[in-house]
Amino acid sequence: MNIKLLYTALLLFVIEFTFSQGFPIVNAGADFTTCPNSNATIGGAPTASLGTPPYQYYWQPTLGLSSFTVANPNVSITNSASYVVTVVDALSRKVSDTVHVTVDSIAQYTSGTDTFVCYGGTVGVQIGNPINATAGSSFNFVWQPSTGLSSATVPNPIANPTTSTVYSLTVFDAFCNVKTGTVLVGITFFSLLTIHDTTLVEGNTITLNASGALTYTWLPLPYIKYENTASPDVNPYITTTYTVYGNDINGCFGMDTIRVRVTPSDELVFYSAFTPNRDGDNDFFYIGNIQKYPDNILKVYNRYGQVVFTSSGYQNDWDGSYQGNQLPTGTYFFILDTGTDKGLKKGSVTIMR
């Protein structure tokens, strides 16, 4: 046989055999879902076949891979990602494939932020991340301990423990069983403080004081001003017990009482100033106990001696006007005939605008 012909035939066989293998086939593995912060092995079984071995492997991205140049690297998974493997065979032929790794959304369902409930309250507080309510039926929730919870198996239970309690949440589905956090439900003690019981001489005004709340309401309403503040003014004619109701910054409710003992007196009490700006606060010239002198006659003069106001049976209703016009800021002088053996009372009052 001709040697040259034999060599040519052998060469053609080698070429035909080589190309009959075709391009390599690459398999990055099947797409899968895994749990947050887990580890998995990616790549096929095998990752490369056919073509002409040996193969070279190049994985992208490389973050989290134990190696980006092996057929089946281990990957530390924190977020959903797609990994692409490129295989190069001995004849420098390249083929690629992609595997999609989906991280289970279970991690978004958490125990929520620390919160408080009111000591002795009955309302309680809802716990758990608000997004928990959007979880489908495939997710299951377990809270521990169950003490003080409206339910231990719902996404957002109502917690009303009698002592400060740390609750842990575990969420599980077909893929994962994950403890997604803890939440502290603390107990807040609301103490609404007022001054001690006090004594008031009839006809005078006293300021009460409370503290510890964000909002206040005082009752009863007669003979009280600024009833929605921490420091109302009261001038009862008889001994009265006032009750203050308050809510603190955590929404906790509290109440307290104060007894104002009134010492009877018929002594007239003249207030030295008033602010007649029609805001409902100190708008009139006030004389304490004036109601005990029904036959009184009041006259008010300006600094020139001109009478600017007169009244028989004055009832704390002068608003600082004269003939329908507001008098200017200044000091005015009064003479009050009590209509009794107490005679005349003289003094001054300031109008402030």
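At-a-glance table
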item: Residue match in the range 314-330 (condition: more than 48 Å from the chain's Cα centre (by Cα), aliphatic (A, V, I, L, M) and outside the structural domain of Tyr223 (by TED's automatic domain parsing)); result: yes
item: Residues of the range 325-339 that turn out to be part of a loop (DSSP other than H, G, I, E, B) and surrounded by 12 or more Cβ atoms within 10 Å (Cβ to Cβ), as a count; result: 3
item: Set Ser272, Ser311: member being of a type outside the set (Val, Ile, Thr) and over 51 Å from the mean Cα position of the chain (by Cα); result: Ser311
item: Considering residues of the range 211-233 that are more than 29 Å from the chain's Cα centre (by Cα) and farther than 22 Å from Tyr314 by Cβ only, the residue surrounded by the fewest Cβ atoms within 10 Å (Cβ to Cβ); result: Leu221
item: Odd one out for Trp143 among (1) aromatic (Phe, Trp, Tyr); (2) farther than 30 Å from Asp248 by Cα; (3) out of contact with any Asp or Glu (no Cβ under 7 Å at 6 or more places or on another chain); result: (2)
item: Given (1) free of Cβ contacts under 8 Å to residues at least 12 places away in the same chain; (2) more than 28 Å from Cys35 (Cβ to Cβ), number of the condition Asn160 does not satisfy; result: (1)
item: Filtered residues of the range 279-302 (kept if over 14 Å from Asn235 (Cα atoms), surrounded by fewer than 18 Cβ atoms within 10 Å (Cβ to Cβ) and without any contact (Cβ under 8 Å) to a residue 40 or more places away in the chain); result: Asp279, Gly280, Asp283, Phe284, Lys292, Lys299, Tyr301, Asn302
item: Wholly within the range 43-105, strands (runs of 3 or more DSSP E) carrying at least 1 residues that are within 14 Å of Ala28 (Cα to Cα) and over 48 Å from the mean Cα position of the chain (by Cα); result: 56-60, 81-88, 94-103
item: Some residue of the range 1-13 being at pLDDT below 95, assigned to a loop (DSSP other than H, G, I, E, B), under 30 Å from Ile106 (Cβ atoms) and aliphatic (A, V, I, L, M); result: no
item: Identity of the residue in the range 20-42, small (Gly, Ala, Ser) and touching a residue at least 12 places away in the same chain (Cβ under 8 Å), that ends up surrounded by the fewest Cβ atoms within 10 Å (Cβ to Cβ); result: Ala30
item: Condition check for Glu202: surrounded by 16 or more Cβ atoms within 10 Å (Cβ to Cβ), under 28 Å from Cys118 (Cα atoms), more than 25 Å from the chain's Cα centre (by Cα) and not assigned by TED's automatic domain parsing to the domain that holds Tyr119; result: no
item: Matching residues in the range 113-133 - criterion: being over 15 Å from Asp173 (Cα atoms), crowded, with 19+ Cβ neighbours inside 10 Å and of a type outside the set (Val, Ile, Thr); result: Cys118, Gly128, Asn129
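Yes/no matrix, rows are residues, columns are (1) modelled with pLDDT under 95; (2) among the aliphatic types (A, V, I, L, M); (3) within 24 Å of Ala159 (Cα to Cα):
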residue: Leu193; (1), (2), (3): yes, yes, no
residue: His196; (1), (2), (3): yes, no, no
residue: Ser211; (1), (2), (3): yes, no, no
residue: Lys225; (1), (2), (3): yes, no, no
residue: Ser231; (1), (2), (3): yes, no, no
residue: Thr243; (1), (2), (3): yes, no, no
residue: Gly251; (1), (2), (3): yes, no, yes
residue: Thr257; (1), (2), (3): yes, no, no
residue: Val262; (1), (2), (3): no, yes, no
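The values are calculated or read from the model by the stated rules, or taken from the named source; none is laboratory data. This structure is a prediction, so every number in the text was calculated from the model and none was measured. Note that we place each Cβ from the backbone using ideal geometry, even for glycine, and neighbour counts take in every protein chain shown.
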